[in-house]
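Here's the structure we're looking at; comments come further down.
The values are calculated or read from the model by the stated rules, or taken from the named source; none is laboratory data. This structure is a prediction, so every number in the text was calculated from the model and none was measured. Here the Cβ is made from the backbone with ideal geometry for all residues, glycine too, and neighbour counts use every protein chain on show. All accessible areas refer to the heavy atoms of the entire protein, side chains included, with ligands and DNA or RNA removed. Shrake-Rupley method; radii C 1.70, N 1.55, O 1.52, S 1.80 Å.
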Amino acid sequence: MAYGIDKKCIMVVAAHPDDEVLGCGGTIARLSDEGHDVYVTIMGEGVTSRSHENGVHEKKEIELLHSSCHRAGELIGAKDLFLLNLPDNCFDTLPLLEIVKKIENVFYRIKPNIIFTHHGGDLNIDHVIAHRATMTATRPIENCTVEDFYAFEIASSTEWSFQQFHPIFRPNVFFNIRETLDKKIEAMMCYASEVRSFPHPRSAEALRTNANRWGSVVGGECAEAFELIRSLK
């Protein structure tokens with residue numbers, strides 16, 4: 001799927017560092033290569049839910065993870081990166097309005113035509129709230145710039161809900177990433193603390209296999225799968 005010759009502004013809203021790559025890293029790289037502007041927003045700092053010996057160690061790990069965000073973003077061609085620094089795996093402890101306003105601040109700054117964010121039926125609570133907050137921040141009121149709103153899956157979260165949480169992920173749009181799958185894998189390798197060994201879903205081998213699987217579903221080699229939430233034509 002392509003967006004023709006018109007240049008589009010694209011906003012990716014991801015809950016944690018690495019979610020942007022897992023969810024749509026190949027698509028970001030493809031759209032960037034096609035000349036579109038892709039902006040990535042990372043909502044959470046990605047560390048504080050883990051146990052640490054002291055605050056200094058935690059601060060250094062956050063700095064390292066954010067440095068990884070920038071390296072990954074450069075690899076897949078993100079035009080800019082916004083870090084909102086919400087507490088990791090604690091989005092449900094914050095007022096939804098506070099989260100919505102943070103996303104709105106980025107949204108009104110870049111005025112995107114296309115949105116990519118988490119699916120609402122994920123196992124991870126931060127992903128669920130990211131979906132709802134993004135939908136709220138980009139609601140189709142007068143002069144809304146959004147034309148297409150897509151929800152992506154996250155390896156080791158969406159499939160691990162085992163379709164017990166609704167809505168169930170039902171992909172109906174697939175982006176061919178044959179030319180950019182290697183960039184996605186390379187970008188994921190920037191997140192050394194998040195990558196796992198096969199057969200974990202966040203291993204390079206499993207990510208490649210998943211892309212091949214979705215590609216075969218739609219008659220291609222590799223693809224990323226999305227559920228189109230709404231579209232204005």
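Solvent-accessible area assigned to carbon and sulfur over region 78-233 amounts to 53 percent, based on a 1.4 Å probe. Solvent exposure of the chain, expressed per residue, is 47 Å² of accessible area, with all protein chains present and a 1.4 angstrom probe.
Close Lys pairs in region 27-163 (alpha-carbon distance under 24 Å; sequence gap of 8 or more, or different chains): 6. Per residue, the average separation of C-alpha pairs within less than 8 Å and at least 6 apart gives region 177-233 a relative contact order of 27 percent.
Residue 189 label point, 7 Å along Cα→Cβ, cut-off 12 Å on backbone N: hits in region 204-220? It comes to 204-205, nothing else.
What the phi angles of region 183-195 give under the Karplus curve with 6.51, -1.76 and 1.60, with θ = phi - 60°, is a coupling list of 5, 4, 4, 5, 5, 5, 5, 5, 8, 4, 6, 9, 6 Hz, glycine and proline written as x.
Shape of region 124-181 from the C-alpha gyration tensor: oblate (a/c of 1.5 or more and a/b not above b/c, with a ≥ b ≥ c the square roots of its eigenvalues).
Counted over the chain, the DSSP beta bridges are approximately 30% antiparallel. With the Cα gyration tensor of region 69-183 giving a ≥ b ≥ c as the square roots of its eigenvalues, does the rule (a/c under 1.5 for rounded; else a/b larger than b/c for prolate; else oblate) give rounded, prolate or oblate? Judged from the Cα gyration tensor, region 69-183 comes out rounded (a/c under 1.5).
Dipole check for region 101-185: with +1 at the C-beta of Lys and Arg, -1 at the C-beta of Asp and Glu, and the Cα centre as origin, the magnitude is about 240 Debye. Ranking of 92, 37, 80, 19 by solvent-accessible surface, largest first: 92, 80, 37, 19 (1.4 Å probe, protein heavy atoms only, all chains present).
Between rounded, prolate and oblate, where does region 114-233 land on the alpha carbon gyration tensor, with a ≥ b ≥ c its root eigenvalues, rounded for a/c under 1.5, else prolate if a/b exceeds b/c? Note, shape of region 114-233 comes out prolate.
For the peptides 150-157, 170-177, the ranking by mean Cβ contacts within 10 Å, running from highest to lowest, is 150-157, 170-177. Around the Cα centre of the chain, unit charges on the Cβ atoms of Lys, Arg, Asp and Glu (plus for the first two, minus for the last two) sum to a dipole of about 380 debye.
Computed with a 1.4 Å probe over protein heavy atoms only, the accessible area of residue 135 comes to about 70 Å².
The candidate values are (1) 39, 18, 14; (2) 33, 22, 14; (3) 24, 22, 18; the one derived from this structure for semi-axes √(5λ) of the Cα gyration tensor in Å carries the label (3). The helix-only estimate of mean residue ellipticity at 222 nm for the chain, built from DSSP H runs of length n ≥ 4 each weighted as -39500 (n - 2.57), is -12000 deg cm²/dmol after division by the residue total.
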